[in-house]
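Let me begin by presenting the structure, written as structure tokens, before commenting on it.
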Amino acid sequence: MNKRQKKENKARSLKGFTLIELMLVVVIIGALVAMVMPRLTGRGEQARVAAASADINANIATGLKLYELDNGSFPSTTEGLAALLVKPASARNWNGPYLERKPLDPWGKEYEYKSPGEHRKTDYDLYSLGKDGTESADDVTNWE
């Protein structure tokens with residue numbers, strides 16, 4: 001091989017990818033996306049439901065139980081969850097605040113609270129109206 005042939009070979013190897021190579025990469029990336037995307041869709045809504053459930057069954061429930069231990073009963077429906085943040089007039093031995101901030105569900109709405117509950121008659125009903133903001137099948141509750 002002479003010098004001229006070496007220069008031509010070197011120039012060809014530095015030109016970049018061929019159209020076929022680029023198309024092959026695009027097809028591979030497309031196939032990977034087609035396999036992964038169905039697994040990831042819907043995860044955001046599942047995470048919001050799990051967060052609402054954790055608030056209802058653990059975080060807010062703990063505050064309500066502490067309030068009940070201190071005062072002998074749960075806050076009334078009219079006092080609502082605000083009684084966990086600011087002392088209501090009916091509280092006898094309030095040692096709050098029982099929550100750090102006003103509880104909002106993952107969709108940015110207030111949790112619904114009733115005491116005594118309609119579903120749990122001995123204590124309280126606590127629930128989120130879910131994504132649609134109305135009572136429906138997507139509600140996250142403490143009675144199911």
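The values are calculated or read from the model by the stated rules, or taken from the named source; none is laboratory data. Note that the structure is predicted; figures quoted are calculated from it, not measured. Counting neighbours? That spans all protein chains shown, and the Cβs are built from the backbone with ideal geometry, glycine included.
Observations
- Residues being basic (K, R) and part of a helix (DSSP H, G or I) are entirely absent from region 75-91.
- For S90, the stated conditions do not hold, so it cannot be described as exposed (fewer than 10 other Cβ atoms within 10 Å of the Cβ), of a type in the set (S, T, Y), more than 16 Å from L126 (Cα to Cα) and at pLDDT below 90.
- Answer residue from region 97-128, given it is hydrophobic (A, V, I, L, M, F, W, C) and part of a strand (DSSP E or B) and is farthest from the chain's Cα centre (by Cα) among those: L126
- Selection within region 93-137 - touching a Ser or Thr at 6+ places or on another chain (Cβ under 9 Å), within 17 Å of R48 (Cβ to Cβ), buried (at least 16 other Cβ atoms within 10 Å of the Cβ) and among the charged types (D, E, K, R): D105, E112
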